[in-house]
Amino acid sequence: MMMTPNNGSKQYTIAILGGGSFGTALSDISAQNGHQVKLWMRSEEQVKGINQDHINHRYLPDYTIHPSVQASTDIQATLSEADLVLIAIPSQSFRSVVQLAGNALEGKMVISTTKGIEPETFDLMSEILFEELASIRVGVLSGPNLAKEIVAKAVTATVIASEDAELCEIVQKVLHSDYFRVYSNHDVYGVELAGALKNIYAIVSGIGAAMGMGENTKSMLITRSLAEMSRFAVKLGADPMTFLGLAGVGDLVATCTSSLSRNFRVGYALGQGKSLTEAEAELGQVAEGVNTLRQVRQKAVELDVYMPIVEALHKVIFEDFDVSQLVKGMMLREQKTDVEFMVR
Ligand SMILES: NC(=O)C1=CN([C@@H]2O[C@H](COP(=O)(O)OP(=O)(O)OC[C@H]3O[C@@H](n4cnc5c(N)ncnc54)[C@H](OP(=O)(O)O)[C@@H]3O)[C@@H](O)[C@H]2O)C=CC1
Ligand SMILES: O=C(CO)COP(=O)(O)O
């Protein structure tokens, strides 16, 4: 239910589905801004931790979040009065959670913050929302948003993408603060795809870091990753300019250079000679890039898109090639132009 607090700005009721790192960080931002925040998670123990200690003991144990955040395992109660819903559930469970929420989402503004691709369908999360629900207003939030930095209140920017201009404005008002800035973009597909794709390259960067790559190599890798992900996305209908923004190059740089990124960490473990199973077990959280790699490699073959970095990583992760072959695999292929989307 919407109310008007003393300072005159509207106070919204925000429901957040998913109590992992990012759902918790989003609940903290929203509550800091004076909104009523309900956070849905499936673990009673974690609910207790949030409601009593204001700490997500499993995912963000070193941070205290705003005491007004109310957690619950009851999804219907969480959604009942919500004006705005933010979903931070890993892509492999996204559809099942949307189905569980069902009619309680109808008519609402629903924002996906998930950076992944559904296996089998190649659906992005906004597409799942439109498939599963009859009347909702959909947006996508993506950008360089490492959860631990957000809860530490490091200055951060993100992108809200939607064809619904009013929804973008509302999300900007709700989340904007002196440490969290929200930009808008109407290229929903490009913003959403960028968020999913960069995870693949964060894994490659993690491998490179473990192998001691220098700055030249790091720079080459990030720049060629940007070229490759934009080439793929443009083939699927995205706007290449989106990749020059926060959701593209911004998020790519953040996740390819930070050990706070789970995808980077999986890559780092692979670069140290660990198996994928060992790397994922050690992480204990979601690293979307592994599934995204599988989906994107298959789609690139189908559509005949040139993606040497994806191809090389696929060989290392799924075809048992030695990790030392990664850079060689990327370099052996034909040389291409530097910038592909020149105006002239
Ligand atoms: N962390 C970050 O910095 C950012 C993450 N993202 C994206 O947000 C999405 C979520 O990531 P993040 O929060 O980090 O992930 P985490 O691994 O930290 O947490 C995942 C959360 O989803 C819950 N969950 C998983 N499956 C289900 C299910 N079937 N039903 C109910 N709850 C479920 C988990 O519950 P349980 O603990 O019970 O398993 C947990 O609360 C990802 O797509 C990620 O790419 C986007 C921007 C930044
Ligand atoms: O998307 C993220 C930061 O923008 C988080 O990346 P990881 O999922 O690799 O931790």
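So, counting K/R as plus one and D/E as minus one, what does the shell of residues with Cβ under 12 Å around Gly271 add up to?
Net charge in that neighbourhood comes out at +1.
Find me the longest stretch of the chain that has none of the exposed GluC sites (Glu not before Pro), where exposed means in a DSSP loop (not H, G, I, E or B) with at most 10 other Cβ atoms within 10 Å.
Of all site-free stretches, the longest is 121-318.
Just rank Lys328, Lys148, fewest to most, by other beta-carbon atoms within 10 angstrom.
Lys328, Lys148
Name the shape class, rounded, prolate or oblate, that the alpha-carbon gyration tensor gives for region 136-202, where a ≥ b ≥ c are the square roots of its eigenvalues, rounded holds for a/c under 1.5, and otherwise prolate holds if a/b is larger than b/c and oblate otherwise.
Verdict is oblate for region 136-202.
List, largest first, the extents of the alpha carbons of the chain along their principal axes, each in whole Å.
62, 44, 36
Please say if region 81-212 is rounded, prolate or oblate, where rounded means a/c under 1.5 for a ≥ b ≥ c the square roots of the C-alpha gyration tensor eigenvalues, and otherwise the choice is prolate for a/b larger than b/c and oblate otherwise?
Oblate is the answer for region 81-212, as a/c is 1.5 or above yet b/c matches or exceeds a/b.
DSSP loop trypsin sites (Lys or Arg not before Pro) in region 1-108 with at most 15 other Cβ atoms within 10 Å of their Cβ, which ones?
Sites meeting the loop and neighbour criteria: Lys10, Arg42.
Only Lys, Arg, Asp and Glu count, each charged at its Cβ (+1, +1, -1, -1), so figure out the dipole size of region 1-130 about its Cα centre, rounded to 20 debye.
The dipole of region 1-130 has a size of about 200 debye.
Treat the count of other C-beta atoms within 10 Å as a stand-in for reagent exposure and order Asp28, Asp62, Asp239 from fewest to most.
Asp62, Asp239, Asp28
Work through the residues other than Asp251 whose Cβ is under 10 Å from its Cβ and net out their charges, Lys, Arg +1 and Asp, Glu -1.
Charge balance in the 10 Å sphere: +2.
Taking each full run of DSSP H in the chain as one helix, which ones are at least 24 Å long along their axis (Cα atoms) and have mean Kyte-Doolittle hydropathy of at least -0.5?
Length and hydropathy pass: 188-210, 215-235.
Take the alpha carbon atoms of region 90-119, find their center, do the same for region 276-308, and report the distance between the two centers in whole angstrom.
Region 90-119 and region 276-308 have Cα centres spaced 21 Å from each other.
Where Rh is the Kirkwood radius over the Cα pairs of region 196-332, the temperature 4 °C and the viscosity 1.567 mPa s, what D in µm²/s does Stokes-Einstein return?
88 µm²/s
From the helices alone, meaning DSSP H stretches of at least four residues, give me the mean residue ellipticity at 222 nm for the chain, per-run term -39500 (n - 2.57), in deg cm²/dmol to the nearest 500.
One gets -14000 deg cm²/dmol as the mean residue ellipticity at 222 nm.
Is the C-alpha gyration tensor of region 147-256 telling us rounded, prolate or oblate? Criteria: a/c under 1.5 is rounded; beyond that, a/b larger than b/c is prolate, otherwise oblate.
oblate
FYI, it's all coordinate maths here, none of it is from the lab. Small disclaimer: the values here were computed from a predicted structure and weren't measured. Using ideal geometry, Cβ is built from the backbone for each residue, glycine included, and neighbour counts are taken over all protein chains shown.
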